[in-house]
1. Quick one: is residue B:163 among the hydrophobic types (A, V, I, L, M, F, W, C), within 16 Å of ligand 2 (Cβ to nearest atom), surrounded by fewer than 24 Cβ atoms within 10 Å (Cβ to Cβ) and touching a residue at least 12 places away in the same chain (Cβ under 8 Å)?
2. Looking at region A:266-310 only, could you name the residues that are of a type in the set (Phe, Trp, Tyr) and crowded, with 19+ Cβ neighbours inside 10 Å?
3. Within region B:201-222, can you find the residues that are free of Cβ contacts under 8 Å to residues at least 40 places away in the same chain, more than 8 Å from chain A (Cβ to nearest Cβ) and in contact with a strand residue (DSSP E or B) (Cβ under 7 Å, 6 or more places away or on another chain)?
4. Name every residue in region C:44-63 that is buried (at least 23 other Cβ atoms within 10 Å of the Cβ) and farther than 13 Å from residue C:23 by Cα, in order of residue number.
5. Of the conditions (1) within 16 Å of ligand 3 (Cβ to nearest atom); (2) in contact with a Ser or Thr (Cβ under 8 Å, 6 or more places away or on another chain); (3) modelled with pLDDT of 95 or more, residue C:174 fails just one. Which one is it?
6. Exactly one of (1) within 13 Å of chain B (Cβ to nearest Cβ); (2) outside any strand (DSSP E or B) is unmet by residue A:151. Its number?
7. State yes or no: is residue A:235 under 22 Å from residue C:65 (Cβ atoms) and either out of contact with any Leu (no Cβ under 8 Å at 6 or more places or on another chain) or not aliphatic (A, V, I, L, M) (or both)?
8. Just for region C:33-43: of the residues that are closer than 13 Å to residue C:81 by Cβ and not hydrophobic (A, V, I, L, M, F, W, C), which one is surrounded by the most Cβ atoms within 10 Å (Cβ to Cβ)?
Amino acid sequence: MSRPAIHVSGDVARAVETGAPVVALESTIFTHGLPRPRNLAVALEAEELIRAAGAVPATIGVYDGVPTVGLTAEQIAVLSDTDDIDKASLRDLPVVAALGRHGGTTVAATAYLANRAGVRVFATGGLGGVHRGASETFDESADLTTLAGTPITIISAGVKSILDIGATLERFETLNIPVIGYGTRRYPGFYVSDSGYELHYSVNSPEEAAKIISSRDALGLRQAVLLANPVEESRQLPPDVLDDVLRRAWAEADRQGIGGNAATPFLLDFIQRDTGGRSLEVNVDVYRGNAALAAKVATALSAESDRDQA
Amino acid sequence: MSRPAIHVSGDVARAVETGAPVVALESTIFTHGLPRPRNLAVALEAEELIRAAGAVPATIGVYDGVPTVGLTAEQIAVLSDTDDIDKASLRDLPVVAALGRHGGTTVAATAYLANRAGVRVFATGGLGGVHRGASETFDESADLTTLAGTPITIISAGVKSILDIGATLERFETLNIPVIGYGTRRYPGFYVSDSGYELHYSVNSPEEAAKIISSRDALGLRQAVLLANPVEESRQLPPDVLDDVLRRAWAEADRQGIGGNAATPFLLDFIQRDTGGRSLEVNVDVYRGNAALAAKVATALSAESDRDQA
Amino acid sequence: MSRPAIHVSGDVARAVETGAPVVALESTIFTHGLPRPRNLAVALEAEELIRAAGAVPATIGVYDGVPTVGLTAEQIAVLSDTDDIDKASLRDLPVVAALGRHGGTTVAATAYLANRAGVRVFATGGLGGVHRGASETFDESADLTTLAGTPITIISAGVKSILDIGATLERFETLNIPVIGYGTRRYPGFYVSDSGYELHYSVNSPEEAAKIISSRDALGLRQAVLLANPVEESRQLPPDVLDDVLRRAWAEADRQGIGGNAATPFLLDFIQRDTGGRSLEVNVDVYRGNAALAAKVATALSAESDRDQA
Ligand SMILES: [Mn+2]
Ligand SMILES: [Mn+2]
Ligand SMILES: [Mn+2]
């Protein structure tokens with residue numbers, strides 16, 4: 001090919017080469033997850049947060065058919081404002097690339113591209129997982145499979161309770177993907193700090209997390225490390241509010257006969273409208289918290305690698 | 001070992017080395033899928049079709065314990081005529097090889113061997129998938145898992161509706177396996193041109209397909225690309241005929257207590273007898289169509305690689 | 001890192017380098033599976049059995065945060081006697097290592113570490129698999145996934161019937177993991193010589209097994225070969241005794257509301273107490289038989305490799 005398959009920006013390439021801290025960010029959060037014009041503001045703010053913490057942000061997406069690690073602010077603005085932009089999971093990348101289209105990259109596609117570019121830490125909102133009813137439909141996110149073979153670290157706030165959280169945690173176990181609570185042994189549920197499920201392990205500092213990540217790498221393991229970073233209890237969606245809206249959202253989806261891939265956007269939209277935008281604010285808070293923690297973990301990891309080489 | 005684990009014929013090895021178009025063909029279609037003597041005729045005709053289109057056929061099977069890429073016409077004739085020949089999926093290959101037996105290779109085993117030999121395109125009839133009732137039995141074809149780690153291109157006419165097509169499509173998604181319609185956005189159902197399921201992407205020429213495949217390779221992705229090539233509507237098994245015979249076939253299997261691995265051959269045999277051989281003619285038509293398209297895709301891919309290297 | 005991620009003892013390293021026969025042994029059998037002080041005696045006896053057969057034992061576990069291939073007798077004694085020691089599956093290894101703890105390694109973690117150290121044969125008691133009710137809970141052992149990517153040979157006595165044996169065998173098939181009976185075509189059920197399920201293939205000598213293993217390696221396949229070695233019929237738990245105790249064990253677990261990860265130890269403990277220790281004796285017999293056969297297979301494999309290089 002006359003051009004390389006993946007474009008890595010100069011800033012990101014330099015940081016990776018010198019071992020400076022870099023944090024990958026996904027693009028579906030601003031191409032598909034948040035309403036305009038909030039989406040662009042949140043995307044740029046996350047980059048600023050990371051820069052302020054001394055790390056290099058690497059927002060990832062497909063621009064004009066080019067999978068790009070380190071989109072410019074202009075490119076982010078264009079993708080934020082493109083109607084009917086493709087949602088590109090890992091298997092869509094070659095298609096979107098061949099067709100020369102724009103695409104927002106999912107957790108799976110972003111993790112893959114970040115890892116190819118040498119970026120070791122990735123901040124996202126929530127992860128994909130096993131969908132409710134998956135024992136019949138077999139609907140399980142490609143995030144699961146991809147993370148089983150992508151040695152990166154992902155800071156998320158757990159999985160949304162529109163998914164089957166118990167089944168998702170079992171899949172993580174079966175796929176050898178470690179899940180570590182940050183400052184907690186309760187698995188967070190994205191909108192809420194505690195999903196009701198327990199974790200085996202927790203860490204209390206970026207340095208502790210960095211040690212586990214280095215150990216994963218030294219052992220030659222290829223699975224992502226998941227760092228579960230709950231939203232602060234004072235800023236969560238009150239659990240009873242969430243339970244209630246979820247119940248009504250599913251009932252309405254049932255009534256309208258909405259299922260399969262259409263269910264997730266329908267449910268999230270219902271929750272957002274029904275909570276008068278409160279769920280949106282939690283979403284933004286969660287994302288900020290993950291970006292900030294990711295910058296610290298990337299910094300600790302960078303320091304740890306320096307020590308190892310000294 | 002005194003002899004190499006895989007034998008690649010001179011013709012195939014030369015074509016692979018020079019970047020000439022090659023098309024892999026499986027052997028279970030003539031060792032287990034079609035009745036004698038039609039099986040041999042169909043196997044040799046597929047090779048002829050591919051040669052006539054300017055590509056090199058590489059029929060794959062295990063001959064006398066040797067996994068072979070590029071069986072001779074004589075070897076194909078022997079395998080076609082061997083009673084109780086092993087059906088070799090990927091995990092059976094080392095056993096059949098160690099025991100020095102003949103074996104017809106499934107989609108999984110054929111794809112693996114083709115890829116090891118450097119063959120990039122493979123024409124088959126239908127693919128394996130998730131079996132009906134798999135949420136209880138866990139019966140899922142090894143084709144799924146194997147294709148998730150085998151960067152080849154497979155031209156098929158979808159999966160037979162004796163399987164759970166919806167669940168199979170979900171597994172493809174979870175495993176990051178792209179499924180692209182050829183001239184259609186309806187997923188074909190082997191005997192019928194439209195299984196009732198929609199696809200996200202389609203291409204309209206071998207060149208478009210080749211671009212996606214090259215992009216997959218350039219991105220370092222290891223998943224097979226599935227090109228779904230429907231039988232022509234005028235030559236399909238009429239959908240109402242298929243629905244009716246399937247209903248009766250399952251009822252009869254139930255009545256006779258036939259399940260598990262025995263169900264598939266029973267159902268296919270029932271369908272063939274019940275349709276007075278019409279299903280067999282569709283099967284042969286499907287296979288011809290896939291072989292012909294595969295030769296074109298292999299040719300386009302070969303041209304694309306030449307351009308990249310120029 | 002100042003120290004290597006995995007410590008391989010001098011004895012084991014030398015044996016691996018010279019191609020002498022080595023047999024890996026897991027540690028959860030003595031850290032979590034058997035009661036004290038029997039656990040230590042059984043662990044050391046297995047090593048003796050292997051030495052007596054002319055092979056080098058490599059007991060594997062995590063000692064003071066160091067994943068170790070070839071624990072000393074003193075280290076085995078310490079791990080056998082540590083309260084609340086971590087049960088380390090593959091995903092736990094980096095955590096247990098980073099925290100500097102002791103850990104008993106499961107089949108998955110042991111197989112991985114053995115393979116990294118170049119050890120080709122591993123004797124265990126029973127394997128993990130698909131749990132009963134997994135179609136709802138998604139509870140499937142990480143052993144399955146790990147063995148699909150770890151080219152080692154495991155000698156076991158099948159899976160315990162507290163699991164869903166049929167579903168486990170289907171997963172082996174889907175994951176391309178060959179299962180070969182030793183002297184039988186009936187899949188053993190750990191406590192009983194015949195689980196009621198049939199196998200496609202069997203071998204009758206260590207040399208036949210070694211041929212299949214070499215063939216797997218020559219073909220570049222990455223799946224473990226499972227050699228299923230039944231307990232002698234005269235020493236099994238009588239099938240009707242097992243059926244009866246299982247039925248009551250499940251009823252009691254139900255009554256006490258015990259499920260999930262807590263179910264397995266509860267059921268095994270119930271079986272042991274209820275059979276007055278008979279199940280424990282079968283467990284020990286099974287383990288002895290597997291260690292002895294593993295030594296023979298490792299020796300045959302070592303001889304086979306010598307021939308190949310000659
Ligand atoms: Mn899905
Ligand atoms: Mn099957
Ligand atoms: Mn489990």
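1. Answer is no for this residue.
2. At the first step, the residues of region A:266-310 found to be of a type in the set (Phe, Trp, Tyr) are A:266, A:270, A:287.
A:270, A:287, listed by residue number.
3. B:202, B:203 - these are the residues of region B:201-222 that are free of Cβ contacts under 8 Å to residues at least 40 places away in the same chain, more than 8 Å from chain A (Cβ to nearest Cβ) and in contact with a strand residue (DSSP E or B) (Cβ under 7 Å, 6 or more places away or on another chain).
4. Correct list: C:61, C:62.
5. (1)
6. All conditions are met except number (1).
7. Considered against the rule, which asks whether it is under 22 Å from residue C:65 (Cβ atoms) and either out of contact with any Leu (no Cβ under 8 Å at 6 or more places or on another chain) or not aliphatic (A, V, I, L, M) (or both), residue A:235 comes out as no.
8. Here is the first cut: in region C:33-43, the ones closer than 13 Å to residue C:81 by Cβ are C:34-41, C:43.
Going one step further and asking which of them are not hydrophobic (A, V, I, L, M, F, W, C), we end up with C:35-39.
Details: C:35: 10, C:36: 10, C:37: 11, C:38: 16, C:39: 21.
Applying the filter and picking the extreme gives C:39.
The values are calculated or read from the model by the stated rules, or taken from the named source; none is laboratory data. Nothing here was measured: the structure is a model prediction, and the numbers come from that model. Don't worry about glycine lacking a Cβ; one is built from the backbone with ideal geometry, like all the others, and counts go over all protein chains shown.
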